[in-house]
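Structure, as structure tokens:
The values are calculated or read from the model by the stated rules, or taken from the named source; none is laboratory data. Quick caveat: nothing in here was measured; it's all calculated off a predicted structure. As a convention, Cβ positions derive from the backbone with ideal geometry for all residues, glycine included, and neighbour counts pool all protein chains shown. Calculation scope for accessible area: heavy atoms of the full protein, side chains included, ligands and nucleic acids excluded. Shrake-Rupley method; radii C 1.70, N 1.55, O 1.52, S 1.80 Å.
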Amino acid sequence: MPSSSDAAMATFIRGLPKAELHIHLEGTLEPEMVFALAARHGVGLRYPSVDALRRAYAFHDLQSFLDVYYAGADVLRDEDDFRSMTAGYLRRAHADGVVHAEIFFDPQMHTRRGVAFETVIRGIGSALAAAQAEFGITTRLILCFLRHLPAADAMRTLEEALPYRDAICAVGLDSSEMGNPPSRFAEVFRRARDEGWLAVAHAGEEGPPEYIREALDMLHVARIDHGVRCEADDALCRRLAAEGVPLTVCPLSNVKLGVFARLQDHNLKRLLDRGLRITINSDDPAYFGGYIAENFSATQRALGLTRGDVVQLARNSIAASFLPESAKLAWLARIDAYAAAH
Ligand code: HPA
Ligand code: ZN
């Protein structure tokens, strides 16, 4: 039963300026929008109602989620669909105190269905510009490659993205982790970095610590997405702390996909206390039951995070972002001023 101090902490969290660094745009597609877009395009759905669809969001591991996630995105057909989905996320993020978002998108999910890369990026881009004008929220786009597909497919996608080079900040790696190690994508990531993009990768969500090392040493990533399985390897944890490698942790996602049985069992607090640069993020909030403020609040309650921990997590999110140094300093000062005033 949440107490009144829980409510005060939740209010504090919502108002705290923060960056979101691990958010899949296609994972923000709410069941209501799935139904609205399906009706607009005359697409039949396997579920009779929004509630029935939401009830189908019961997963036991990453693959059981991905199967539903890929099916849900089938209703995204035209530029306006991508604009609406993106606008919906940014409205919710702004309400949760997000001042800057670095957003993943999965172009292969769409180009494989015959939706043009240009349709995807133009729809997303128009919503990003509108949200910056309306809320002042800043954003970056991260193009993710689907690791269950061949590296040659990723390379073709990279080439399709080149005309939109300036709209994209970094490349990432997502989808089914086990059996799809980062090393398979070394050549694609080398090309991406040669083209001037930064790099991140999902590693150590379900996969072993070795995948985290490969992402660092072979893909030269600036951050590890998830990374929670680093704890099985002491030397790796020491390295991550010493090098200040950020981990974009997604607590509610980890529980929904069985990485931890309960939120109380999550290792986020232990990793934070070991000096790792941990951030809190929502991953696929339409599927996992909470946007970023709910991830902060639920984790704070489950692990007994202090107010100092919460502020540190917000500071880490800014420090780990791809914002220019001057903007980072300005936001860190705003976070400190907010914490002092509340
Ligand atoms: N892991 C891997 N791929 C994904 C995820 C995730 O948590 N969410 C969307 N694609
Ligand atoms: Zn993810």
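Computed values, structure above
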read-out	value
Hey, residue 183 surrounded by fewer than 19 Cβ atoms within 10 Å (Cβ to Cβ), under 20 Å from the mean Cα position of the chain (by Cα) and of a type outside the set (A, V, I, L, M, F, W, C) or not	no
Elements of type helices (runs of 4 or more DSSP H) in the range 165-283, at least 3 residues being within 22 Å of residue 102 (Cβ to Cβ) and not aliphatic (A, V, I, L, M)	186-194, 251-256
Residue tally, condition assigned to a helix (DSSP H, G or I), of a type in the set (Val, Ile, Thr) and within 15 Å of residue 6 (Cα to Cα), over the range 293-340	2
Residue check, residue 145 within 16 Å of ligand 2 (Cβ to nearest atom), more than 26 Å from residue 215 (Cα to Cα) and either open to solvent by 10 Å² or more (accessible area, probe 1.4 Å) or not in a helix (DSSP H, G or I) (or both)	no
Selection count, the range 116-137, where residues are surrounded by 21 or more Cβ atoms within 10 Å (Cβ to Cβ) and either part of a loop (DSSP other than H, G, I, E, B) or at positive phi (or both)	0
Any hit, the range 293-307, residues being within 20 Å of residue 26 (Cβ to Cβ), crowded, with 22+ Cβ neighbours inside 10 Å and at pLDDT 95 or above	yes
Test: residue in the range 151-165 that is under 30 Å from residue 274 (Cβ atoms), open to solvent by 60 Å² or more (accessible area, probe 1.4 Å), modelled with pLDDT of 95 or more and more than 18 Å from the chain's Cα centre (by Cα)	no
The range 239-252 residues that are open to solvent by less than 30 Å² (accessible area, probe 1.4 Å), paired with ones that are among the acidic types (Asp, Glu) and within 11 Å of ligand 1 (Cβ to nearest atom) (beta carbon under 6 Å, 6 or more apart)	248/225; 250/283
Residue in the range 232-253 that is among the polar types (S, T, N, Q), within 18 Å of residue 309 (Cβ to Cβ) and in contact with a Leu (Cβ under 8 Å, 6 or more places away or on another chain) present	yes
Candidates 140, 91, filtered to the one that is among the charged types (D, E, K, R), at pLDDT 95 or above and not in a helix (DSSP H, G or I)	140
Tally, over the range 179-196, of residues that are of a type outside the set (Ser, Thr, Tyr) and out of contact with any Leu (no Cβ under 8 Å at 6 or more places or on another chain)	9
Filtered residues of the range 164-189 (kept if closer than 23 Å to residue 321 by Cα and among the hydroxyl-bearing types (Ser, Thr, Tyr))	164, 175
Answer residue from the range 224-281, given it is within 16 Å of ligand 2 (Cβ to nearest atom) and of a type in the set (Lys, Arg) and is nearest to residue 170 (Cα to Cα) among those	229
Number of the exception - residue 43 against (1) modelled with pLDDT of 95 or more; (2) more than 16 Å from ligand 2 (Cβ to nearest atom)	(1)
Complete set of residues in the range 59-85 that are within 22 Å of residue 292 (Cα to Cα) and more than 16 Å from ligand 1 (Cβ to nearest atom)	82, 83, 84
Test: residue in the range 60-74 that is more than 16 Å from ligand 2 (Cβ to nearest atom), over 27 Å from residue 280 (Cβ atoms), open to solvent by 20 Å² or more (accessible area, probe 1.4 Å) and not basic (Lys, Arg)	yes
Helices (runs of 4 or more DSSP H) wholly inside the range 21-75 that include at least 1 residues being farther than 21 Å from residue 86 by Cβ and not basic (Lys, Arg)	50-55, 62-72
Hits in the range 205-225 (condition: touching a residue at least 40 places away in the same chain (Cβ under 8 Å) and either open to solvent by 20 Å² or more (accessible area, probe 1.4 Å) or under 26 Å from residue 255 (Cα atoms) (or both))	205, 206, 215, 222, 223, 225
